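Every number in this text was worked out from the coordinates using simple rules, so none of it is lab data. Since the structure is predicted, the reported quantities are computational estimates derived from the model, not experimental observations. When we count neighbours, we look across all protein chains shown, and the Cβ atoms used for this are built from the backbone with ideal geometry, even at glycine.
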Amino acid sequence: MKKNMGNLDRAIRIIIAIILGILIFTGKVSGTLAWILGIISVVFLITSIIGWCSLYALLGISTIKKEAK
């Protein structure tokens, strides 16, 4: 798997995942919505750690800046 997520994209996803986790663990969100947001949070964390997003790959998107030659 070739990385397709830039550093800014990865940082934003980690921040969103942390915020969602806080909302879930403090009880601000509960029930089915909490499960859905929890799954999204885990997906965001995993994709941020590995630097590869399957949806980006499917759509041919890359947020990695190209190096000047």
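Tally Lys and Arg at +1 and Asp and Glu at -1 over the other residues with C-beta under 12 Å from the C-beta of M5: what net charge comes out? Residues near M5 contribute +4 overall.
Think of it as helices only: each DSSP H run of n ≥ 4 in the chain is worth -39500 (n - 2.57), and spread over all residues that comes to -21500 deg cm²/dmol at 222 nm. Once Kirkwood radius over Cα pairs in Å is calculated for the structure shown, the corresponding label among (1) 15.1; (2) 12.2; (3) 12.9 turns out to be (3). The string of couplings for segment 33-48 from the Karplus curve (6.51, -1.76, 1.60, θ = phi - 60°) is 4, 5, 5, 5, 5, x, 5, 4, 4, 5, 4, 4, 5, 5, 5, 5 Hz, one whole number per residue in order, with x for Gly and Pro.
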